[in-house]
1. Give the stretch 412-465 a look and list any residue that's farther than 21 Å from PRO549 by Cβ, touching a helix residue (DSSP H, G or I) at 6+ places or on another chain (Cβ under 9 Å) and modelled with pLDDT under 90, or say none.
2. For MET702, which of the numbered conditions (1) touching a Phe, Trp or Tyr at 6+ places or on another chain (Cβ under 9 Å); (2) touching a residue at least 40 places away in the same chain (Cβ under 8 Å); (3) within 30 Å of ALA36 (Cα to Cα); (4) not basic (Lys, Arg) fails to hold?
3. Working only within the stretch 765-780, note down all residues that are within 15 Å of SER247 (Cβ to Cβ) and of a type in the set (Val, Ile, Thr).
4. Would you pick out the residues in the stretch 731-766 that are in contact (Cβ under 8 Å) with a residue 24 or more places away in the chain and among the aliphatic types (A, V, I, L, M)?
5. Tell me, which strands (runs of 3 or more DSSP E) wholly within the stretch 300-399 include 1 or more residues that are under 27 Å from PHE219 (Cβ atoms) and of a type in the set (Phe, Trp, Tyr)?
6. How many residues are over 30 Å from SER247 (Cα atoms) and open to solvent by 20 Å² or more (accessible area, probe 1.4 Å) when one looks only at the stretch 122-167?
7. Considering ARG762, ARG757, which residue is open to solvent by less than 40 Å² (accessible area, probe 1.4 Å) and either aliphatic (A, V, I, L, M) or touching a Phe, Trp or Tyr at 6+ places or on another chain (Cβ under 9 Å) (or both)?
8. Only one of (1) surrounded by fewer than 17 Cβ atoms within 10 Å (Cβ to Cβ); (2) in contact (Cβ under 8 Å) with a residue 40 or more places away in the chain; (3) in a loop (DSSP other than H, G, I, E, B) is not met by LYS552, so which one is it?
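The values are calculated or read from the model by the stated rules, or taken from the named source; none is laboratory data. The structure presented is a predicted model; accordingly, all values stated were derived computationally and were not measured. Every residue, glycine among them, receives a Cβ derived from its backbone with ideal geometry; neighbour counts consider all protein chains shown. Surface accessibility is based on the protein's heavy atoms, side chains included, excluding ligands, DNA and RNA. Shrake-Rupley method; radii C 1.70, N 1.55, O 1.52, S 1.80 Å.
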Amino acid sequence: MKSILYLTGFLLANFLFLSEISAQQTFVNGSVTDSASGEALIGVIVTTSQGKGGVTDINGNFHVEATSGEIEFTLNYTGYRTLIQSRNVIVEQDVMLEFKMVRTSKELNVVVVSSGRYEQKIGEVPISMEVIKPALIQNKNTTNINQVIDQTPGVNVTDDQANIRGGSGFSYGSGSRVLLVVDDMPMLSGDAQDVKWNYLPIENVSQIEVMKGASSALFGSSALNGVIHFRTAYPTSKPATNITMFSGFYDEPQRASLKWWPNANPMFSGINFGHSRQVKQWDLVFGGHIFNDDGYRYLETEQRMRFNINTRYRFKKVDGLTAGINANLMRTQGGLFILWENDSLAYTPLDSGIQNYKNFRYNVDPFIIYRGPKGHNHALRTRLFVTDNNNDTEQGSLAQFYYGEYQYQFRFKNEVAFTAGLVGSYTHVVSDLYDDAADGVGIDSAAPRIGRNMSAYFQFDKKFFDKLFVTVGGRFEYYRLDTAVTEYSMVVRNDTLLTVPFRPVVRIGVNYQIAEATYIRTSYGQGYRFPCIAEKYVRTSAGGLEIYPNEKLQPEYGHSAEIGIKQGVVIGNWKGYADAAIFWMQYSNMMEFKFGAYGNPLTDPLFGFGFQSVNIGPTRVRGVDFSIMGEGKIGMLDVTLLAGYTYMDPRSLAYNAAVDTLSSTANYNVLKYRYRHLAKFDCEVSYKKFSVGLSARYNSYMEAIDKIFVQVDNIIPGIKDYREIHNKGDIQFDSRMMYRINETLRVSLITNNIFNRECTSRPSDVLAPRNFAFQVQLKF
């Protein structure tokens, strides 16, 4: 930690030095928007007749060095007409020049930042990506972000665990091969490295970007399977207030035996609110969320309150320098349902056992960013993320995660970008779950588990001939978890084996624009994931199932490759992209939970049988992925579309039918807790003040699960019979109808699971029956 403090002090000193230099210069500020939609344009190249230049940021703003007088501005942006305008400028006046550009391209203007850690058009990105806009989140009455993530093509969420293209199975809530990133920094819990979806501030989201494929080179461990980047918003020059109120209820399930409530149906209700404004040099955004859910499963209730704030100060005398603090906090309590009583009482917990919890989480994110006028950008981002979990089953934990990242980026005028960074993190976790010597009466008696990470990364992006985009990057990753450390052996001169305390990973991507709106791409990326504290040290019971630690668990690593094509689609004034990709993911030392004899047969339950995270050896997942997205007018209708289909073939490369007998599909080779087919669809159509939307999600039958669940019926009663009946896959439909009364007020009726189908995300987890919500949105 001393090293991190020294590094922080050194970087701050450099920022102050840069500030002194910049304070002697004069600048003019401006903003660039789309002439039709008013949307901010990111990455517009701005040059002046005085020979200076700049690039618009994520809010469409730019600043260029200038002197007072008549200045001619030239704005260039792919897909828009070149704009040349003269303005009379007085640099001493704090005035924001406004420019509007006219679109000419057949392409949809979608800008992402996840692929290169800077603004890029989605068509030029060398890896498959999907983008979720705030409108979809609001219109579906999303109360938990996992609901909209599960609507994304190629992605499914199994009991809160995200899975991209079949790269992961089900691991009882510990470990993730998909990295959740919030504003460029990881947001995984310190102990289990799982995602807390209900913690994400849906009341302040600008965009969610989903990267499919290994992304460890830029984002580090846990990005082995992909990245979900949640980006919060900053205000524009006009203040804005949003309030969303909703209330709803769960309908009766089709099978009468599932209904546990005697009279009134369980209800849910909540409110989201947010406000953003600029106050002189300050950018301020704050919001909150209150939610109460009676629960469709017996005793599984939830009450949560969340508050978030984003602040940013734009230094007036040091143009390009910003600093601020973002924060989010949530308190939640309720009951946690893990396993059903049996297939006829699927909404009742096993032995009426429920875990009652009270949790408190918060993160505080100080940052300082300097964007130099000649393309030199510096950013220092830090985060403290604390999760304090308390429950009545002696499974509480206190996890503290400290993170710091310095990033340098140089944007050349000839469309070259160089990005490099240093990362350090420190994890401190205290829990009886991870300490066999603890007395079992509270975390105060448990010894802490300590994790450390240091890494360095770089990426070089270059555009050739205005058509060919090439990306080359790498990362060096060091981990230490108690006494376990990263080790990597490589052959050097004279066949000498050299072992180093870091793991290198690389990333290569190529994207070529073969026509105005047609891009072909190929990419190769390596990934590396160190075991989390829960995977190595957890000793607990989950719904009667024993889970054992494995201190010998080794890191997993692998690579993913794809070749794809993205095609612009135009129907009238509707513009979108159709995307197709062939992908291949291969892993070594893959970590999976596996049933076996890991405990003491004389003293432990079930004679020592239970689950443990183990290295199962080499695996491979390959398949194809199709998606289409777009928005615009078709005739008199405004149409927004997001849809896709994914086929996956998940296999073990070390399969031996004589040895691998613990899967329900022991007679053939397929990885557990995965689907072969996924299909997603969402379409919204608007006419004047009316809007209607339809969503659909399909997954094929989950062929392979642990054999013990279908072989021994008293372990979890009813799973075998239930799977024999429900063996055709699952499909759900949702609908929404909206009416805008005026510019301020809109009302909606949302129906989820229209046909009241009985679906599961994993064995013993039947999803919600049909439910209705009435929503009111206010915008000022």
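1. Matches in the stretch 412-465: LYS463 only.
2. Just one mismatch for MET702, condition (3).
3. The one that is within 15 Å of SER247 (Cβ to Cβ) and of a type in the set (Val, Ile, Thr): VAL776.
4. As a first pass, look at the stretch 731-766 and keep what is in contact (Cβ under 8 Å) with a residue 24 or more places away in the chain: 731-741, 743-750, 756-766.
Result: ILE731, MET737, MET738, ILE741, LEU745, VAL747, LEU749, ILE750, VAL766.
5. Numbers: elements: 302-314, 321-336, 355-371, 376-391.
Those strands (runs of 3 or more DSSP E) span 355-371, 376-391.
6. 1
7. Details: ARG757 fails: open to solvent by less than 40 Å² (accessible area, probe 1.4 Å).
After ruling out the rest, the residue left standing is ARG762.
8. Of everything listed in (1) surrounded by fewer than 17 Cβ atoms within 10 Å (Cβ to Cβ); (2) in contact (Cβ under 8 Å) with a residue 40 or more places away in the chain; (3) in a loop (DSSP other than H, G, I, E, B), LYS552 misses just condition (2).
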